[in-house]
Amino acid sequence: MEKTGTLTIDGNQAAATIAHLTNEVIAIYPITPSSNMGEFADEWSAAGKTNLWGAIPRVVEMQSEAGAAGAIHGALQAGALSTTFTASQGLLLMIPSMYKIAGELTPTVFHIAARSLACQGLSIFGDHSDVMATRQTGYGMLSSNCPQEVMDLALIAQSATLQSRVPFLHFFDGFRTSHEVAKLVEVTREVVREMIDDTWVEAHRQRALSPAHPVLRGSSQNPDVYFQARETVNPYYSQLPALVQGAMDRFAQLTGRQYQLFEYEGAADAQRVIILMGSGAEAVHETAAYLNAMEEGVGVLKVRLYRPFAPELMLAALPTTVRAIAVLDRTKEPGSDGEPLYKDVVTALAQDAMSDDSRFAVMPRVIGGRYGLSSKEFTPGMIVAVYRELQQAQPKNHFTIGIQDDLSHTSLDWDEDLRTSAHDETFQAVFYGLGSDGTVSANKNSIKIIGESTDLYAQGYFVYDSKKSGAVTISHLRFGPNRIRSSYLIGNGDASFVACHQPTFLEKYDVLAYARKGAVFLLNSPTGPEMVWDTLPATIQQEIKDKDIKLYCIDAYGVAQRSGMGKRINTIMQTCFFAISGILPPEQAIASIKDAVQKTYGRKGRRITELNFKAIDETLACLHQVAAGAAVGTLQSAARLTDRASAFVQQVTAEIIAGRGDMIPVSQMPDDGSFPLGTAAYEKRNLALEIPVWDSDICTQCGKCPFVCPHSAIRSKVFHESQLKNAPANFKSVPVKAKGYPEGHHISYQVAPEDCTGCTLCVDICPIRDKSNSSRKALNMAPQPELRAQERDNWDFFLTLPEFDRSQLKTNTIAGAMNLQPLFEFSGACVGCGETPYVKLASQLFGDRMLVANATGCSSIYGGNLPTTPWTTTPDGRGPAWCNSLFEDNAEFGMGMRLAVDKQREMARELLVELAAQLDAGLVQAILEADERDEAGIYEQRERVKQLDMALDGIDSTQARNLRSLSENLCRKSVWIVGGDGWAYDIGYGGVDHVLASGEDVNLLVLDTEVYSNTGGQTSKATPRGAVAKFSSGGKRTGKKDLALLAMDYENVYVARVAYGGKDTQTLNAFLEAEAHPGPSLIIAFSPCIAHGVDMSRNHHQQDMAVNSGHWPLFRFNPENIPLGKPPLKLDSKPPSIPYRDYVQSETRFNMLWHTQPDVAEALVAQEQKFVSHRYNFYKQLSQLDWSDSEEVAQVKAAAKVSAATPAATPEGEV
Amino acid sequence: MVDLSTRYLGLTLKNPLVPSSSPLSKHLDSARRLEDAGAGALVMHSLFEEKIEEEDATLARFFHQQSLGHAEADSFHPIPEGYMSYEEKYLEHLTALKNSLEIPVIASLNGTTPGGWVSYATALQEAGADALELNVYYIPASCKESGSEVEDRYVEILQSLHSQISIPVTMKLSSQFSSVVHVAQRFQQAGASGLALFNRFYQPDIDLETLEVVPKLELSTSEESLMRIRWIAILHGRIDCSLAITGGIHNARDVLKALLAGADVTHMCSALLRRGPGHLAMVLRAVQEWMEEHEYESVEQLKGSISQRNATDSAAFLRSNYMRVLDSYQPPSGVLW
């Protein structure tokens, strides 16, 4: 047996390690939770890491998963060993190619972090819905249950595919296994070498398409032979189970870890057995052992090879004593009479029962159940409930476990408090951290330290919330002498150690619910040890007393500040954990932390290493044990939900916000995924340390602050002064300065103090300075806590003020438009987000008539991730109707909306004409001839349609009822297709192109962050030349795709390229013109993102530099000018006025390249400088063309295409 | 043949023309051109304390703090394997300069606090720097900080630096010390082997449109050299360390005046930035011609010959000169007083 070391890594890294070692071409596309596998592969190849044959695998990012699968298919056919990684909808996009790959008997392994599918809602979390949708493709399917198995079975799959020629899907549970950090035994290169027979590789290469020995493969076959040809593959599948078992056996000889295709654990004479696959099988294994210790006689059958399904092997693995079986599926097939694994098991047993030599005297009773969808917890209590159900005379079939189904009554009850004995010797610890405070990375580091310096098994799992700003992370860490099979979270009352890294969490969460009796509680608090007890909410104080909890406190931010670490508290809190948890001798642990710091920062930051060391040393002096106070105080946890909220919000939304979503019964959930708007307003996240304060005396009421606010947390409203009667004493307003408002009207700029994130962008944009003190502006930041109560009252009052009549506002000015109510507010987007101001602007201008098709990505997450949505309504209930279909189909999805609206409008108009005789002739005519180009026209039409509806209600005819149901379409509706550059430039480009070409009246808003922001910053075709991003770690060599130019080529598309920080009025005009254009419109909006490596408080400055450097020229192309003989293209920015270098060196995404490959960086910046000048000149020429002279237009375009093609991509190392 | 060589910081330079800290040293080619033009030594561009700190912050934000706290993305930028830190790049460049130049190379550290960044001096010494220039570019804007505390700050940084290295350290001074001679003496006692007079503080400007303060870079003029020449003349012979003049040295006349006043070397920056490295050769030639014409044998002979101590009218560098100058001023033609 080999000598091996251990690794402390997660499932994704385990899979990627084997994949990178055994492949030559890796085609990837980011999708959670599989993205990390591609990232690892890319990083390793970029670093020159070689595969088994000494070659560096080529890692290529494609435009979609369909593209990745296509590329893999081609690479395989051309003889390379190839692989890919994906999940969820991404896997579904690969299905067509998978049929081909399997049909042509091509060996490959796809590694899948199995994830839910988008149905009534999207979920990034884990279940088997995606892999189950591919079980018919002809792929072998191998399931891993934990990170160790991921590494092992990845290799077994690779070995089996090469030997058998049948392609494999190797899958493991998304997040639960893909992201679980565990200590595992390394599969060495030598083992991999032994498992891969080079003659199989040679055979694969010999089958490759080659002009040296050409064949035709993939023919079109006719009725005469297709069927027979389809049956030729049977022998490959019939021998596959034996081949896979052979690979498992060889692997066992090399490593000592023996796997079975169907692995039974439990009593040899069990009567009750659960069959399942994936991480849940480990929890069942643990629970069965616990029950069998009490002589319950139960077992679990873990399915590893799911396809091809080998019924005889499955039956052979079951004890003959079995009388009742529960098959658990982690997927749902609506309308089916059972989920896939259940049906496979039933079929196997039925076939056996029908055979002459049946294994069982009586066919066991089989029930099927669903569990764990979207990473729903699957705990021993639930598992025991399933075993108990099997004891019933009439056990429930098609049950669910883990939810309360009070609608169809499928669910089983379970005991929340049931615990196995698995953790009698386990140390369990829970940490509450803020997303950005480094808690997760510190904990990953702690696991590594403990894993590597002790014999203990280790497990780490991390729970995140859905917000991008102010997100909470909860880390669950286990260490113990026995293998950890607990694929579920640490339960209430189980943790020996609880840490709260942010004191504000105490107000929101019952952090000590996890603590067991006598647990250690570590609190980061700025309050010193003498006073800290009095700052704790009463419930926390009571729990400390009841559970005899040992409380420690540290002012981590104080230590960080003093030791030069700024706001970084991760190392400090980690030091505290080791100092008081007792898991390692403190001296050893501190030495290990320092060692880890050295390794992490090493030569990249000698100074930061020293600062960390200083912080570690100071931490120990500042950590204090605090005795529980004598009395429990009266401080209550903050729970503030306005009673204005609807019953649904109170009963469902509020419960999800409070972290009790697991308890919501089925009947309370919307059955089609529809949720009410306006719910983000209830969250009150209180993230800002400072908020802006309005100086009404010097403000010129320009409207720039509400325009730029990414969270709609500063608003302006115009109202009559008489409305101020009941205003709070400190409420500020002044007479409105702009012309056109009636006498006696005031304006107020009001901040929502508990929704503001403190990004400072409003203060930054404010152009007004105090004449006698230029550091003061009309907006100035001030500490939030002192202002919170006062401004909360002012905000509440502000909301009660009526909205100004929108038909009377000058919406073509910033000041006027900003008095429109934003119908997009308080999103969970990052602090200082560059996208949301555009979304908010669209909602202000068109929200009351808007349908939104939103591509998956950041905007669908901050726009529609439960528990709440920032999309909201006007006081009369109108607002944007929003839906997220998928990532790839958004343009088509939005166009479908337009088609529906237009068709129904046409039908309504026809019906109106047909019914005219029974209606007021003047009303009918007015409706048919309405001019809805401006707000006043839209308002008047809505009033007419209200009259029409009243009239129709009085007519008893089918036509009238028909028209009544369609009449709303007589009013103008605005369709907005919103998404990021990943959608518009890459995965959805085919659809975008088609929709632009269609001529339909839709508005596409591309929030261009120049990178796949939501999944962590992977390169897209919008990524500029020279930028460093994931999959372009050496700097992107090709230029950014000019989507605007492609769209302008159609000549009937309104195209605008905007950057509100460069020129806000241009952005506003572009939105107005785009919506007014009766055909397709495309707005490409420059959106600074934290992925750019800039301080987001400099967002506007970066936009300005992007414009002035020529990186982001501003323009509008309005096709309506063509028939008027005017040039359609208007350049809105001046020629590049600052060197391109100045811009790129201000952003880390670019300037990082100067630190790694300065020569390449120099060459790329020179290339891009030429390009931006060329492009500006080209646009300039286009804008000066005489469009009535089609020959000239054609000539300029042709010339531009030639020169645009000249600066070709620069290959690696050849700049 | 005139002997142009000079002693500076214990080093023998072939002539007293030493390009000061400027972007010209950032590129090997321009550094070589300076040497080819005849530079006696080269002061490198500065390693800035703020840039070291800024890099720390950037690294912390984008690489070291890998947790974004979101399930879909736990980090953005990949950590580049071959990352070269600002310090490493500076050291690498210093090594490259040393390898390709014959003349001495003086590294430059620029910062205002005696923090950990000073420890980079050791690495600079190890990388081959012949000497180190310390530029405490400090604007004393606190009403709580007295003049002597400002001096203490300089001394503290200098001592901290001096204690770590064995190569000579020269100190770049601010012209705004209230007692230049006294402070110069303190620096000498604290370990400075040389003094460079004076730092040019780039003056911030006010943008009348945005009402924001904007940085502005104005190159020097010859006029600026006069104030420096005065202080060189006053210091010469009074303190036991090398003297360099920096700021406003544009042509041979400026160089000669500085040498006559007592400078050991003359730093040049703006003129080279404006005219290119070749300008140095012209200045050098002109210096040589003037010396030949005026029958000087060597720079050593020339140095300090008109310092305050040696000048025929030693009061000329002091207050009396001021009165004479004021009284001598006549209104320009057409200007009515």
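By count of other Cβ within 10 Å, fewest leading, how are A:Thr232, A:Thr321, A:Thr50 ordered?
Working: A:Thr232 9, A:Thr321 17, A:Thr50 14.
With the fewest neighbours first, A:Thr232, A:Thr321, A:Thr50 line up as A:Thr232, A:Thr50, A:Thr321.
Which part of the stretch B:109-141 falls in the paramagnetic zone of B:Asp152, meaning amide N under 16 Å from the point 7 Å along Cα-to-beta-carbon? Flagged as within label range: B:113-115, B:140-141. Placing a label point 7 Å from the Cα of A:Gln668 along the Cα-to-Cβ direction, the residues of the stretch A:369-387 whose backbone N falls under 17 Å of that point are A:377. Seen against the Cα atoms of chain A and their longest principal axis, helix A:606-622 is set at about 80 degrees.
Projected label points at B:Ser166 and B:Val213, each 7 Å from Cα along the beta carbon direction, are separated by 4.4 nanometres. Model label points for A:Ala627 and A:Ser1188, set 7 angstrom from Cα along the Cα-to-Cβ axis, are 9.6 nm apart. In this calculation the C-beta distance from A:Lys946 to A:Leu724 is compared with R0 = 35 Å, giving a FRET efficiency of 0.65.
Size descriptors for the stretch A:108-194: radius of gyration and Dmax over Cα atoms are 13.9, 47 Å. Using every pair of separate Cα atoms, the Kirkwood estimate puts the hydrodynamic radius of the stretch B:101-233 at 16.3 angstrom. Using the Cβ-Cβ distance between A:His409 and B:Cys143 with R0 = 51 Å, the FRET efficiency computed as 1/(1 + (r/R0)^6) comes to roughly 0.10.
Taking beta carbons within 10 Å but only from partner chains, what does the mean come to for residues A:1152-1162? Kindly include the intermediate steps, with their values, before the conclusion.
Working: counts 8, 1, 2, 11, 5, 3, 2, 0, 0, 0, 0.
Counting Cβ atoms of other protein chains within 10 Å of each residue's Cβ and averaging gives 3.
Mean partner shielding of peptide A:435-441, defined as the number of other chain Cβ atoms within 10 Å of each residue Cβ, is 5. Only Cα sites of the stretch A:372-433 enter the Debye sum here, all with the same form factor; the resulting log10 I(q)/I(0) across q = 0.11, 0.17, 0.22 1/Å is -0.34, -0.70, -0.98, listed in q order.
Note on chain B: Rg/Rh from C-alpha atoms, Kirkwood Rh, equals 1.02. Taking the charge dipole of the stretch A:782-899 about its Cα centre, with +1 at Lys and Arg Cβ atoms and -1 at Asp and Glu Cβ atoms, the residue from A:Leu851, A:Leu886, A:Asn812 reaching farthest to the positive side is A:Asn812.
For the stretch A:1-93, GluC sites (Glu not before Pro) meeting the loop criterion (DSSP other than H, G, I, E, B) and having at most 16 other Cβ atoms within 10 Å: A:Glu2.
Using a Förster radius of 51 Å, what is the FRET efficiency between A:Lys1180 and A:Ser219 based on their Cβ-Cβ separation? Nearest 0.05, please. Write down the numbers at each step before the final one.
Values: r = 53 Å, r/R0 = 1.04.
Rounded to the nearest 0.05, the efficiency is 0.45.
Ranking of B:Ser166, A:Ser374, B:Ser193 by neighbouring Cβ atoms within 10 Å, starting from the fewest: B:Ser166, A:Ser374, B:Ser193. Using the alpha carbons alone, the radius of gyration of the stretch A:902-1058 stands to its Kirkwood radius in an Rg to Rh ratio of 1.21. Calculated on the Cα set of the protein assembly as shown, radius of gyration then Dmax: 37.1, 130 Å.
Only DSSP H runs of four or more residues enter the estimate; each adds -39500 (n - 2.57), and after division by the residues of chain B the mean residue ellipticity at 222 nm equals -11500 deg cm²/dmol. When A:Arg942, A:Arg776 are sorted by how many other C-beta atoms sit within 10 angstrom of their C-beta, beginning with the fewest, the order is A:Arg776, A:Arg942.
Work out how much length A:Ala47 to A:Asp902 would gain on full extension: take 0.36 nm times their residue separation and subtract the Cα-Cα distance, in nm to one decimal.
Working: separation 855, 0.36 × 855 = 307.80 nm, distance 5.43 nm.
So the extension gain works out to 302.4 nm.
For the segment A:1027-1040, counting C-beta atoms of other chains within 10 Å of every residue's C-beta and taking the mean gives 2. Modelled label positions at A:Ala55 and A:Met354, each set 7 Å beyond Cα in the direction of Cβ, lie 4.8 nm from each other.
For A:Ala27, the amide hydrogen comes within under 5 Å of the amide hydrogens of A:Val60, A:Thr83, counting only partners 5 or more places away or on other chains and with H modelled in the peptide plane. Close amide H contacts of A:Ala1056 (hydrogens built in the peptide plane, cut-off under 5 Å, sequence separation of 5 or more or a different chain): A:Leu1082, A:Ile1083, A:Ile1084, A:Phe1117. Here's the picture: a label point sits 7 Å out from the Cα of A:Thr188 along the beta-carbon direction, and within the stretch A:240-257 the residues with their amide nitrogen under 19 Å of it are A:250-257.
Summing -39500 (n - 2.57) over the DSSP H runs of n ≥ 4 in chain A and dividing by its residue number, what mean residue ellipticity at 222 nm do you reach, to the nearest 500 deg cm²/dmol?
Working: 42 runs with 456 residues, N = 1215.
Value at 222 nm, helices only, nearest 500: -11500 deg cm²/dmol.
Packing-based ranking of A:97-110, B:201-214 yields A:97-110, B:201-214, ordered from highest to lowest mean Cβ neighbour count within 10 Å. Counting only alpha carbon atoms, the long axis of helix B:252-261 and the longest principal axis of chain B meet at about 80°.
Quick check on packing: order B:49-58, A:208-217, A:621-630 by the mean number of other C-beta atoms within 10 Å, highest mean leading.
Numbers: B:49-58: 17.4, A:208-217: 9.9, A:621-630: 13.7.
Going from most to least packed, we get B:49-58, A:621-630, A:208-217.
For the Cα atoms of chain B, what angle does the longest principal axis make with the long axis of helix B:319-328, in degrees from 0 to 90, nearest 10? So the inclination is approximately 70 degrees. Expressed in units of 2.2 N^0.38 Å, where N is the residue count, the Cα radius of gyration of the stretch A:755-838 is 1.28.
Only the coordinates and a few stated rules stand behind these numbers; no lab work does. Note that the structure is a prediction, hence the values are computed from the model and not measured. Please note: Cβ atoms are built from the backbone with ideal geometry, for glycine as well, and neighbour counts cover all protein chains shown.
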